[in-house]
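The values are calculated or read from the model by the stated rules, or taken from the named source; none is laboratory data. Everything quoted here is computed from the prediction, not taken from an experiment. Here the Cβ positions follow ideal geometry from the backbone for every residue, glycine too, while neighbour counts run over all protein chains shown. These accessible areas exclude ligands, DNA and RNA; they are computed on the full protein's heavy atoms, side chains included. Shrake-Rupley method; radii C 1.70, N 1.55, O 1.52, S 1.80 Å.
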Amino acid sequence: MNKNIGLFLPYFGSFPNYFELWIRSVAMNPEIQFILITDQDVKTKLPSNLHLVKREFKDIQSLIRKKFNDLNISIDNPYKLCDFRPAYGYVFEDLIDKYNLDYWGFCDPDVIWGKISTFLKERGFDKNNYDKVGYLGHFQLFSANQKFLFKNIVDDEKFRNYKYVFTHKYAYHFDEEIGIGVIAKKRGLNILDFEDNPPYADILINSYQFFTYKNALEYSLPRYFVWNKKDGLIQVTYKNGIYRMTPKMYVHLQKRNMKISLGKTSNNFYIIPNKIISKQQFDELNLEDALKYKFYFAYYKGKLKKLINKFSLGQIKHTYYFKQLLNNYYNER
């Protein structure tokens, strides 16, 4: 590509157990620089486009507080970093200069990448001066001259006011469509947002089967994914004995616990609910049985645990208000 792109991933604590596969899929995208900021030791050999920056979470807390020294910043846990993602262009401006980035952005660790540049080129990224690409937290890009977009206050909604979001402890999803996405649209920016038939597979968090959100084609069909170095990531949907193969930019596995059964040098693998397996194991599967509906016990167990751990009157009020905001946003579209 003719534009330099960098994706930031500050991450603290244990990686997903398939993080080595994330690294393999990063290697397949040499045109993009991935900047991993973490307190973890990474023993896997890193590709040349994956840059490891060793930092403790307290270092990032200090950096953000220094950058916003006029605000009483609230950032008590790593998850709160999601709200600061739209400000990474400012927070990490030294790294943007170091890698000479035309576009900076952020991503998640619970994805497996396909060939990113292929999908960007197909949508005219090389030929258009987009201000912003993407609209959800697992992948977004901003042009280098949009590092202060987050400071734009476009309406009276406090969830879109960076001063409010950065100084309160709850998660306000400022990095998502409802936050920085609305700000960008109201500012009239040139946006490639992927809302209509997205090129990635965003897996529903509460579905055992790999169903996706309703803005995607074939969202309610059973599916699996094939990854290899030659073709990238391929989605395979299944209906009435017919399989349809579709290349994907990435699959977002939504914090799933995936069982891994692979050799360390595997150049291809299969992603099924909720396992990552070798070709030999895939060939031995009863595929219809592997893709059929199952009650997703692990999701509801995790949700209950999360509710117990975070139960408070303030959290309940926050969650209720945000759901109202989200419902109103989608009803008005």
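Roughly speaking, what is the stretch gain from LYS185 to GLN315, that is 0.36 nm per residue apart minus the C-alpha to C-alpha distance, in nm to one decimal? Don't skip to the end; give the middle numbers.
Details: separation 130, 0.36 × 130 = 46.80 nm, distance 2.89 nm.
Taking LYS185 through GLN315 to full extension adds about 43.9 nm, to one decimal.
Return the label of the correct value of Cα extents along the principal axes in Å, as calculated from the structure shown, out of [x] 71, 43, 39; [y] 104, 52, 32; [z] 60, 46, 39.
[z]
Relative contact order for the chain using alpha-carbon pairs under 8 Å, separation at least 6, rounded to a whole percent? Could the numbers behind the result be given before it?
Working: 561 pairs, mean separation 51.1, N = 333.
With pairs under 8 Å counted, the relative contact order is 15 percent.
With both partners inside the chain, how many of the DSSP beta bridges are antiparallel, as a percent to the nearest 5?
Values: 32 of 55 bridges.
Counting only bridges with both partners in the chain, antiparallel ones make up about 60 percent.
Using a 1.4 Å probe, what is the accessible area per residue for the chain, in Å²? All intermediate terms of the calculation are to be shown ahead of the outcome.
Numbers: 16750 Å² over 333 residues.
Per residue, the chain has an accessible area of 50 Å².
Which entries of LYS80/LYS259; LYS67/LYS255; LYS127/LYS255; LYS127/LYS248 have Cα-Cα distances beyond 32 Å here? Could the numbers behind the result be given before it?
Values: LYS80/LYS259 28 Å; LYS67/LYS255 30 Å; LYS127/LYS255 34 Å; LYS127/LYS248 21 Å.
Those over the limit are LYS127/LYS255.
Between segment 203-222 and segment 253-295, what is the C-alpha centre distance in whole Å?
Here the answer is 17 Å between Cα centres.
Return the loop-located GluC sites (Glu not before Pro) in segment 253-333 (DSSP other than H, G, I, E, B) with at most 11 other Cβ atoms within 10 Å of their own Cβ; answer none if there are none. Don't skip to the end; give the middle numbers.
Working: sites: GLU284, GLU288, GLU332; in loops: GLU284.
Sparse-neighbourhood loop GluC sites (Glu not before Pro): GLU284.
DSSP loop trypsin sites (Lys or Arg not before Pro) in segment 155-260 with at most 15 other Cβ atoms within 10 Å of their Cβ, which ones?
Numbers: sites: LYS158, ARG160, LYS163, LYS169, LYS185, LYS186, ARG187, LYS214, ARG223, LYS229, LYS230, LYS239, ARG244, LYS248, LYS255, ARG256, LYS259; in loops: LYS169, ARG187, LYS214, LYS229, LYS230, LYS255, ARG256.
In loop regions of segment 155-260 (DSSP not H, G, I, E or B), the sparsely surrounded trypsin sites (Lys or Arg not before Pro) are LYS169, ARG187, LYS214, LYS229, LYS230, LYS255.
How much of the accessible area of segment 88-134, probe 1.4 Å, is carbon plus sulfur, in whole percent? Each step should come with its number before you reach the end.
Numbers: 650 of 1750 Å².
Ligands and nucleic acids excluded, carbon and sulfur reach 37 percent.
Per the 1.4 Å probe, what fraction of the accessible area of segment 178-313, in percent, lies on carbon and sulfur atoms? Let's see the in-between values first.
On the way: 4180 of 7760 Å².
With neighbouring chains kept in place, the figure for segment 178-313 is 54 percent.
Please report how far the C-alpha centroid of segment 93-142 lies from that of segment 1-33, rounded to the nearest whole angstrom.
Segment 93-142 and segment 1-33 have Cα centres separated by 11 Å.
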